[in-house]
Amino acid sequence: MRFLLLMLLTFLLTGGPVLAHGGEDHGAEAKPSGAAGPSYFSTFAASEQFELLLRYEPLKPGEPAHLRLFIADFATNAPIRGAKLALTVPEDNTVKLTATERGPGEYLIEGSFPKKQAYSMTVTLSAGEQADLLLLKGIDVGKELPHDEHEDAAQPWLTWKTGLLLAGMFLAGMGLTALLMRRRDAGI
């Protein structure tokens, strides 16, 4: 019986056996798995001919901006290849933006926004025999992505004090069990 108690005490004090599983990283910099918050902002515009989706990571004033513009045919949702784009920013006509095709219907927009504010982008687009003018609103420079409040409080109950309390309760239960077993064996 004492051997069993000694084994359990050793198990608790050393943290128990380490079992390999799944290749997860449990180090100090490991991030919790599961649903994550958004990693980019987006804005959308559509006409009778085209659909535009602009995706971008948080933009900082005065720093290089890299935005991804996706262009699709409105009726078929097929990606538009080889579009000719002219981009302007109504809020600041000094902002220069360039577009480079990266893949079917995907264009990289590069430039820089000088101030922390909301901008819009006028897109003059021609593809084949179709042409259109669309406005993408809500390009927020200086805005941060929403922070997941639940991420910080993922396991607030799992602290060293709670662990110590649970270990104490476990040991007390083992002691009570050993006492009851001894009384039963003695015939009391």
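Nothing in this text is a laboratory measurement; each read-out follows from the coordinates by a stated rule. Worth saying up front: this structure is predicted, and the values here are computed from it rather than measured. With ideal geometry, Cβ positions are generated from the backbone for all residues, glycine too; neighbour counts draw on all protein chains shown.
If I stretch the segment between Arg184 and Leu171 completely, what's the gain in nm (0.36 nm per residue apart, minus their alpha carbon distance), one decimal? Let's see the in-between values first.
Values: separation 13, 0.36 × 13 = 4.68 nm, distance 1.98 nm.
This chain segment gains 2.7 nm when fully extended.
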Which lysines, if any, have their Cα less than 18 Å from the Cα of Lys60, not counting same-chain residues under 8 positions apart?
Lys96, Lys115, Lys116, Lys137, Lys143
Formal net charge of residues neighbouring Leu125 (Cβ-Cβ distance under 12 Å; K, R +1; D, E -1):
-2
Any trypsin sites (Lys or Arg not before Pro) in the stretch 107-142 that lie in a DSSP loop and have at most 13 other Cβ atoms within 10 Å would be Lys115, Lys116
Amide proton proximity set for Glu57, modelled H, under 5 Å, gap of 5+
Phe41
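Between Glu91 and Tyr40, what FRET efficiency comes out of the Förster formula 1/(1 + (r/R0)^6) with R0 = 22 Å and r the beta carbon distance, rounded to 0.05?
Numbers: r = 21 Å, r/R0 = 0.97.
Here the calculated transfer efficiency is 0.55.
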Calculate the FRET efficiency for His66 and Thr124 from the Cβ-Cβ distance with a Förster distance of 25 Å, rounded to the nearest 0.05.
0.75
Evaluate the distance, in nm, between pseudo-label points positioned 7 Å from the Cα of Glu110 and of Arg81 along their respective Cα→Cβ axes.
2.3 nm
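Near Leu59, within a Cβ-to-Cβ distance under 13 Å, what is the net charge of the other residues, with Lys and Arg +1 and Asp and Glu -1?
On the way: positive: Arg55, Lys60, Arg68, Lys115, Lys116, Lys143; negative: Glu57, Glu63, Glu110, Asp140, Glu144.
That works out to +1.
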